[in-house]
Structures are given as structure tokens and as C-alpha cells.
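A short write-up of the structure that comes next.
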Amino acid sequence: MTNLQQVDEAAVTAVRRACPDWCNVRHGISDGEEDWVHVSEPLAVADDVEARLCMSVDPNTEAEDGPYVVVGSREYSLTEAERLGASLIELAGRGAGPNHRGAA
Ligand SMILES: [Zn+2]
């Protein structure tokens, strides 16, 4: 006999209560801390690179870690991710500017 397949219903209920509306995880399948992690749908950023929102909430203490934006294996705070997005828009905007052929 093993208890590994038993699910702590109270813990699962607590995890689901803390689940943000952007989360795409079916909770109650993984065990323990793995089930505390909330992850969004992936956003394809580049070849083999996806971005996701990610956070964890401890159902016992309600302590939160995140949310973060995970791009590939790199973790960005929400502010860092917004700056990265703004930098990409600025970069594209420079290319679309009037001096894109290097005229002085
Ligand atoms: Zn969730």
C-alpha cells in the first residue's frame, strides 16, 4: 500500500481558490508544491522559446511568489517584462523611422 496516490482535498481546494484567472493548469494532479504553481498559456516568442506567466501560492500560508514572466529559462519581474516589451516596440519603431537607410 502506498499513500502517494492520495490527494489532500483541502490542499487542492485551497490551491484552486488561489488560482489566478490567467492560469491554465489543472490542479490536483501533481503532488505537493508542484501543484502550487500557476502557469499561463504559452506565448510563442521565437523558435523554441515561449513566454508564460508563472506564480506560486502556498495554500497553507497564502505566501505568494510572483507572478513572473518566464521567457525560455529566464525569469522576468512584471516590470522587467514590460520594459523588454517596450524596448522591442522602440527597436521596431526605429526601423520604421524616416532615417532607416542611414541618411544623415
Ligand atoms: Zn492555477
Select from the stretch 14-41 the residues that are under 18 Å from Val70 (Cα atoms), more than 8 Å from the ligand (Cβ to nearest atom) and surrounded by fewer than 13 Cβ atoms within 10 Å (Cβ to Cβ) and list them in ascending order. Asp21, Glu34, Glu41
Does the stretch 39-88 hold any residues that are assigned to a strand (DSSP E or B) and of a type in the set (D, E, K, R), and which are they? Glu50, Arg52, Glu64, Asp65, Arg74, Glu75
Under the condition of being modelled with pLDDT under 95 and surrounded by fewer than 16 Cβ atoms within 10 Å (Cβ to Cβ), which residue from the stretch 48-63 is farthest from Ala81 (Cα to Cα)? Asn60
Search the stretch 65-82 for residues that are in contact (Cβ under 8 Å) with a residue 12 or more places away in the chain and pair each with any residue that is surrounded by fewer than 17 Cβ atoms within 10 Å (Cβ to Cβ) and polar (S, T, N, Q) when their beta-carbon atoms are under 8 Å apart and the residues are at least 6 apart or on different chains. Tyr68/Ser77; Val69/Ser77
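The values are calculated or read from the model by the stated rules, or taken from the named source; none is laboratory data. Quick caveat, the model's predicted, so the values are computed rather than measured. Please note: Cβ atoms are built from the backbone with ideal geometry, for glycine as well, and neighbour counts cover all protein chains shown.
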